[in-house]
1. Which residues, counting only those in the stretch 68-89, are open to solvent by less than 70 Å² (accessible area, probe 1.4 Å) and in contact with a Gly (Cβ under 7 Å, 6 or more places away or on another chain)?
2. Do any residues in the stretch 61-85 that are among the small types (Gly, Ala, Ser) have Cβ atoms under 7 Å from those of residues that are away from the ligand (no atom under 16 Å from the Cβ), where the two are at least six apart or on different chains, and which pairs are they?
3. Can we say Lys65 is among the charged types (D, E, K, R) and surrounded by fewer than 17 Cβ atoms within 10 Å (Cβ to Cβ)?
4. How about the stretch 22-44: which of its residues are more than 15 Å from Leu77 (Cβ to Cβ) and within 12 Å of the ligand (Cβ to nearest atom)?
5. Would the stretch 40-55 turn up any residue that is on the phi < 0 side of the Ramachandran plot, among the β-branched types (Val, Ile, Thr) and either in a strand (DSSP E or B) or open to solvent by 50 Å² or more (accessible area, probe 1.4 Å) (or both)?
6. Answer yes or no as to whether Glu37 is open to solvent by 80 Å² or more (accessible area, probe 1.4 Å) and not in a loop (DSSP other than H, G, I, E, B).
7. Go through the stretch 56-70 residue by residue and tally those that are assigned to a loop (DSSP other than H, G, I, E, B) and within 16 Å of the ligand (Cβ to nearest atom).
8. Scanning for something within 10 Å of the chain's Cα centre (by Cα), among the polar types (S, T, N, Q), at pLDDT 95 or above and more than 16 Å from the ligand (Cβ to nearest atom), does the stretch 74-88 turn up at least one residue?
Amino acid sequence: MDETNTINLQHPIDPSLETKQIAIEGMTCDGCVQTIEKALRKINGVKELRIDRSAALATVTFDHKQTNVPAMHEAILRAGYKPTRSVGE
Ligand code: 9UX
């Protein structure tokens, strides 16, 4: 078994779930965080969401059969913020 390839961002319980981090610019206060949370939770397939304002990072667990990172970038942009990159592609 190749142990170098065991970093696994998929959930062991449900292989269609993925967790990704999206960096977001422009979250100046906690109201911004709530606006983005609302926008992302509206997307079908978003299961878990945690936004860390000081780290400028959203951690999202989603069903990759229902949504994807570009859709989340789009929602963040529409809410008025700037997604800059996602980690763990
Ligand atoms: Mo706070 Mo964010 O007053 O757009 S909600 S800065």
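The values are calculated or read from the model by the stated rules, or taken from the named source; none is laboratory data. Every value quoted in this text rests on a predicted model; they were computed, and no experiment measured them. Ideal geometry is used to build each Cβ from the backbone, glycine not excepted, and the neighbour counts take in all protein chains shown. Ligands, DNA and RNA are excluded from the accessible area calculation, which covers all protein heavy atoms including side chains. Shrake-Rupley method; radii C 1.70, N 1.55, O 1.52, S 1.80 Å.
1. Hit for the stretch 68-89 is Tyr81, nothing else.
2. Ala71/Ile43; Ala75/Ile43
3. yes
4. Answer for the stretch 22-44, where residues must be more than 15 Å from Leu77 (Cβ to Cβ) and within 12 Å of the ligand (Cβ to nearest atom): Thr28, Cys29, Asp30, Gly31, Val33, Gln34, Glu37.
5. yes
6. It is false that Glu37 is open to solvent by 80 Å² or more (accessible area, probe 1.4 Å) and not in a loop (DSSP other than H, G, I, E, B).
7. Residues that pass the stated criteria total 1.
8. no
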